[in-house]
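Below is one structure, written out as structure tokens, with a few remarks after it.
Throughout, read-outs are computed from the coordinates displayed, never taken from laboratory work. Everything numeric in this text was worked out from a predicted model, so none of it was measured. Note: ideal-geometry Cβ built from the backbone for every residue, glycine included; neighbour counts use all protein chains shown.
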Amino acid sequence: MDSFIRGVTLISQICGIIAAGLIAAGVLIVCEMVFVRYVLNQNTIWQTDFTTYCLVGATFIGSPYVLLTRGHVNVDVLPHYLGQTARYYLALASILMSLAFCAVMTVLTFNFWHEAWTEGWVSDSMWRARLWIPYGTMPIGLGLITLQYVVDLISLLTGREPPFGLKPRETAEDAARAQARQALGDAP
Amino acid sequence: MSPTTQGVIVLVVTLIVLLSGAPVAFGLGAIAIAFLVIFQGFDSLSVVAETFYTGLQDFTLVSIPMFVMMGAAIGSSPAGKDLYEALDRWLYRVRGGLVISNLGACAIFAALTGSSPACCAAIGKMGIPEMRRRGYPDDVATGSICAGGTLGILIPPSITFILYGIATETSIGRLFLAGVVPGLMLTGLFILWTVFILSRRGFRSHAVDFRYSWKEKFQSIPKIAPFILIIVGVMYVLYGGVATPSEAAGVGAALCVVLAIVIYRMWSPDKWWLILRDTTRESVMILMIIAAAVLFGYMLTSLYLTQTLAQGIAEMHVNKWVLMLLINLFLLVSGFFIPPAAIILMTSPILLPIITTAGFDPVWFGVVMTINMEIGLIHPPVGLNIYIVNSIAPDVPVTRVMWGTIPYVGCMMLAIVILCIFPEIATWLPDHLMGVAVHR
């Protein structure tokens, strides 16, 4: 079980690096596009589409990493004010719901990708990009989030992680302080 | 089942799901899929994947990670400290100068980084000890920094405005311009209040006991000027119609990263990774909520819930200012619990038809909504700024910091009232520079 958890964690971390790379590529290509269009006065063909696809890819591929690092924003008022048992069941319900959503979306986006792949869809821009490539990031990313949620579920059920990652007696104020310390630590 | 009953059910379930602590993006998506299946059957699922994807396939969205990266690059460098020093050295002898350099540095730094906690941390580390050294009351020293940090989401470039623009199909350029004068007005209100309360309690808000030499004054400029020039350049390029927001932001982000590396000698790749990692985390989080909010919005419109709500409210013939008050109260309460990005993406598509039917300007409302969101940033229980300031000055009790922020919350509410009386404060600059909007 531990090796499964470690494996998924590693994949999620790699996803984070890939997503960061895609965002960096997006920035560089926008600069290249500006140079070609405004300095060389030439038309740009593929840059707009490519940057958008990079971003879509980064969003889906990066999502498991963001989940792993608890970066997806949530409303944590209720978890903070509930007792241990209620907090546990709330965490269970919220994980199951998110897991179900991601699993259903993986199937739906896989079908969508498959259609684009078999019917050879291309973008209606000048570039005529093959759409299965950007569409493919959806089932991959969502599938990996589903796996990450399975890990979260196992960790919760076996007591490896406390519900919502909160320590037993942690209150809203403690969590806010921890966040504040992190923000301060990052600032020079 | 009538759309009204469906609407009530959707509202209640959405509240329950959001409060469950599940990520906003997945919660909204799950609600959208569940209600589509319940009310329209499994056939409705055929468009879900495409809707989810199209939510992100928009070149304008590229500007979000670019502006986030710009902020992350500046935020991870010691630029905040230099900015504070520069303003302090030039303004310390002016009446109210110490307050102006604190809140002014907050306003500029918040605009550069777009991040309220980063601003509080950077300026607060310098400003709070300095103010306390001069014997200023703790609540004023901490409260003013808390409030100053919130200015970033109002003064352009602001991600909050980009999200509002995307969610309501309002011009982002127009929104940015609309935020300028209210942003300056709010900064002015903060400064006025601080100077007033200090002088009432018998403190001087300028220094008389020492002098900076001209050399020291000029020394502080070169490090900070390039960043300000980049932001001004980005704005100029945007409004000169030279480039799109995404192009301007992309080049701005690349330049900010390069400058941060060169000026502050951030040669270690670890630091580059930190900038990129923070950019990725923040952007992915926002973009995922956008995709889910588009799906959620699709569910609302295909079940005619948005239209029914707008029509229902119009038929109630409520006075439009009572309506505005109720909307603001609703946003204020939401802001206590939910981060601004999520509130704007979820509520603005629903609120927009109500606002326009009542005869309000959507750009003006964007500004009002943003000021309202700022209040949530310094109000417990979410108010992260309060805890950051508390970590900088641990001997000041949290309750004292909270009391210190209350007058500034009052300033923000006053700003909203002033904007309601004189909407031109927001609309004059965009109308003047970009022509009068067609939606009126």
Item checked: Ranking of B:Ser46, A:Ser98, B:Ser158, B:Ser334 by count of other Cβ atoms within 10 Å, fewest first -> B:Ser46, B:Ser334, B:Ser158, A:Ser98
Item checked: Listed residues A:Cys54, A:Val151, A:Thr44: farthest to the positive end of the dipole of chain A (Cβ charges) -> A:Val151
Notebook entry, point to check: Placing +1 at every Lys and Arg Cβ and -1 at every Asp and Glu Cβ, with all other atoms neutral, what dipole size does chain B have around its Cα centre, in debye to the nearest 20?
Noted result: 1580
Item checked: Burial order of peptide ranges B:174-184, A:121-131 (average beta-carbon count within 10 Å, highest first) -> B:174-184, A:121-131
Notebook entry, point to check: Direction-averaged shadow area of the convex hull around the Cα atoms of the protein assembly as shown, nm²?
Noted result: 29.3
Next item on the list: Would you compute, from DSSP H runs of 4+ residues alone, the mean residue ellipticity of chain B at 222 nm, taking -39500 (n - 2.57) per run and dividing by the full residue count, rounded to the nearest 500?
Entry: -25500 deg cm²/dmol
Item checked: Positive-end residue, segment B:130-239 charge dipole about Cα centroid, Cβ charges, pick of B:Ser213, B:Leu238, B:Leu175 -> B:Ser213
Next item on the list: Return the whole-Å distance between the Cα centroid of segment B:67-124 and the Cα centroid of segment B:389-408.
Entry: 19
Notebook entry, point to check: Residue by residue, what Karplus-based ³J(HN,Hα) values in Hz, rounded to whole numbers, does segment A:41-52 have, using 6.51, -1.76 and 1.60 with θ = phi - 60° and x for Gly and Pro?
Noted result: 6, 10, 6, 9, 10, 9, 5, 4, 4, 4, 4, 4
Note to self: Spelling out what I want: for every residue of segment A:20-29, take phi, set θ = phi - 60°, compute 6.51 cos²θ - 1.76 cosθ + 1.60 (Karplus), and round to whole Hz; glycine and proline get x.
What the structure shows: 4, x, 5, 5, 4, 4, x, 4, 5, 5
Check: Could you name the lysines in cross-link range of B:Lys223, using Cα to Cα under 18 Å and dropping any fewer than eight places away on the same chain?
Finding: B:Lys81, B:Lys215
Check: Mind checking Rg over Rh on segment B:75-120, alpha carbons, Kirkwood formula for Rh?
Finding: 0.99
Check: Hey, got the Cα dimensions of chain B along the principal axes, in Å, largest first?
Finding: 75, 48, 45
Notebook entry, point to check: Once every DSSP H run of n ≥ 4 in chain A is given -39500 (n - 2.57) and the sum is divided by its residues, what mean residue ellipticity at 222 nm do you get, rounded to the nearest 500 deg cm²/dmol?
Noted result: -25500 deg cm²/dmol
Check: Can you give the charge dipole size of chain A about its Cα centre, rounded to the nearest 20 debye, using +1 on the beta carbon of Lys and Arg and -1 on the beta carbon of Asp and Glu?
Finding: 280
Checklist line | Relative intensity, log₁₀ I(q)/I(0), of chain A from a Debye sum that treats every alpha carbon as a point, q = 0.13, 0.14 Å⁻¹ | finding: -0.83, -0.92
Next item on the list: For the protein assembly as shown, build the charge dipole from Cβ charges (+1 Lys, Arg; -1 Asp, Glu) around the Cα centre, then report which of A:Val8, A:Thr137, B:Met369 sits farthest towards its positive end.
Entry: B:Met369
Item checked: Amide H within-cut-off set for A:Val122, under 5 Å, with H built and near neighbours excluded -> A:Leu131
Next item on the list: Order by neighbour count: B:Ser63, B:Ser20, fewest other Cβ atoms within 10 Å first, most last.
Entry: B:Ser20, B:Ser63
Item checked: For segment B:348-355, Karplus couplings with θ = phi - 60° (6.51, -1.76, 1.60), whole Hz, Gly/Pro x -> 5, x, 6, 6, 3, x, 5, 5
Item checked: Unit charges on C-beta of K, R, D, E only; dipole of the protein assembly as shown, Debye -> 1900
Next item on the list: Over the alpha-carbon set of segment A:80-188, divide Rg by the Kirkwood Rh and report the Rg/Rh ratio to two decimals.
Entry: 1.19
